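The values are calculated or read from the model by the stated rules, or taken from the named source; none is laboratory data. What you see is a predicted model; the values in this text were computed from it and never measured. Ideal geometry is used to build each Cβ from the backbone, glycine not excepted, and the neighbour counts take in all protein chains shown.
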Amino acid sequence: MITAYLFDNQRLIQQELTTSDTLPEGTLWLDVFKPEEDERQWLNSYFVEEAPEEEDIKEIEASARFYRDGDGVHINSLFPQRVGHELKAINVSFNLRDDLLITIREEDVGLVRLLRNYLRLGRIEVITPIELLLEMFNLKVEYLSDLIEDVYTVLEGLSEDVFKQEELDDVVKLITQQEDANGKIRLSLLDTQRALRYINRYVRRRLDSEDVKDLKEMLSDIDSLMPHSQFIFDKLNFMLQAAVGISGLQQNKIIKIFSVAAVVFLPPTVIASAYGMNFKNMPELDWMFGYPMAVAMMFASAGATYLFFKRKGWL
């Protein structure tokens with residue numbers, strides 16, 4: 001799907017394009033979502049080089065994520081996206097030109113929809129592609145901050161649930177989910193930091209004083225969010241170790257009960273085994289009180305063993 005965005009009399013116009021259309025004059029932003037083969041060929045006609053493929057967008061090397069060529073500046077950046085209870089990191093390709101911003105993505109990104117709505121409602125004002133790109137990254141940094149706050153909120157509830165034995169399995173699962181989410185948040189922060197530094201270094205001549213100020217504020221926000229992300233990693237690691245430790249204590253208690261039970265019933269078992277041999281010359285076999293005596297001895301030995309454990313503090 002190809003969507004063009006342009007301003008006409010200070011009003012945002014959104015126009016869906018087909019492969020038979022040409023790029024409208026005055027287009028500020030061209031968004032390409034899950035391009036089919038014919039749409040990719042149409043897009044290539046507006047590139048000196050080839051438009052980035054999905055495999056190119058997912059490359060992790062700095063030289064593949066941030067570079068310049070005949071089509072302008074290329075920036076591939078990770079964007080967080082909530083999918084149910086999980087967090088995904090989605091790659092979005094940006095091609096920044098003097099008069100046009102092109103975005104290529106293979107998956108839906110909520111921040112793209114949010115930026116589009118803000119533009120439509122007039123909540124943000126942009127007149128150049130670089131301003132549009134910076135607004136996108138600004139929304140991204142704010143969203144990452146919100147995600148970190150969400151993880152904090154979940155951890156506050158988990159701190160109490162760690163000590164609830166009946167919920168321990170769910171707690172460990174939730175800790176694992178939050179660790180994965182925090183890892184993707186931190187990866188997105190680092191990726192955004194690299195992208196903004198690249199813009200500051202190689203696109204600075206296009207930035208006015210307000211743009212430079214916004215860029216520096218975003219970098220400062222990222223620097224302040226990094227320690228929070230590290231703190232969450234440390235807290236999650238502590239909570240996971242606590243949960244595993246409590247699980248081990250529960251297992252030890254169960255094993256302790258079985259061990260004590262085995263030891264308590266060991267003397268009665270010895271007595272029962274002795275009188276269960278039925279040798280001919282055992283005098284108690286013909287004695288009237290032999291059976292009551294054996295039963296009493298078994299109870300007495302079990303009770304004495306139990307009292308011994310109790311006095312030692314092992315129970």
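Tabulated values for the structure
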| quantity | calculated |
| --- | --- |
| Check on E142, part of a loop (DSSP other than H, G, I, E, B), modelled with pLDDT of 80 or more and within 29 Å of G183 (Cα to Cα) | no |
| Which numbered condition M1 fails, given (1) surrounded by 18 or more Cβ atoms within 10 Å (Cβ to Cβ); (2) touching a Lys or Arg at 6+ places or on another chain (Cβ under 9 Å) | (1) |
| Residues that are free of Cβ contacts under 8 Å to residues at least 60 places away in the same chain and in contact with a Ser or Thr (Cβ under 8 Å, 6 or more places away or on another chain), drawn from the range 26-63 | D38, E39, Q41, W42, P52, D56, I57 |
| The lone exception for W42 - which of (1) within 32 Å of the chain's Cα centre (by Cα); (2) over 25 Å from K140 (Cβ atoms); (3) surrounded by 16 or more Cβ atoms within 10 Å (Cβ to Cβ) it fails | (1) |
| Single condition S224 does not satisfy, out of (1) at pLDDT 85 or above; (2) under 19 Å from the mean Cα position of the chain (by Cα) | (2) |
| Residue count for the range 271-303, restricted to those that are closer than 30 Å to K256 by Cβ and free of Cβ contacts under 8 Å to residues at least 12 places away in the same chain | 7 |
| Residue selected from the range 168-197 under the condition of a type in the set (A, V, I, L, M) and farther than 17 Å from V244 by Cβ, by the criterion modelled with the lowest pLDDT | A181 |
| Selected residue [over 30 Å from S145 (Cβ atoms) and assigned to a helix (DSSP H, G or I)] from P292, P227 | P292 |
| Single unsatisfied condition, N76 versus (1) under 23 Å from P24 (Cβ atoms); (2) touching a residue at least 12 places away in the same chain (Cβ under 8 Å); (3) polar (S, T, N, Q) | (1) |
| Tabulated pairs, the range 190-202, first in contact (Cβ under 8 Å) with a residue 24 or more places away in the chain and assigned to a helix (DSSP H, G or I), second polar (S, T, N, Q) and buried (at least 17 other Cβ atoms within 10 Å of the Cβ), C-beta under 6 angstrom, 6+ apart or interchain | D191/S77; A195/S77 |
| So L115, is it touching a residue at least 40 places away in the same chain (Cβ under 8 Å), in a helix (DSSP H, G or I) and crowded, with 17+ Cβ neighbours inside 10 Å | no |
| In the range 200-215, the residues that are of a type outside the set (S, T, N, Q) and either modelled with pLDDT under 85 or over 29 Å from R82 (Cβ atoms) (or both) | R201, Y202, V203, R204, R205, R206, L207, D208, E210, D211, V212, K213 |
| Check on G303, surrounded by 13 or more Cβ atoms within 10 Å (Cβ to Cβ) and either of a type outside the set (A, V, I, L, M, F, W, C) or over 59 Å from the mean Cα position of the chain (by Cα) (or both) | yes |
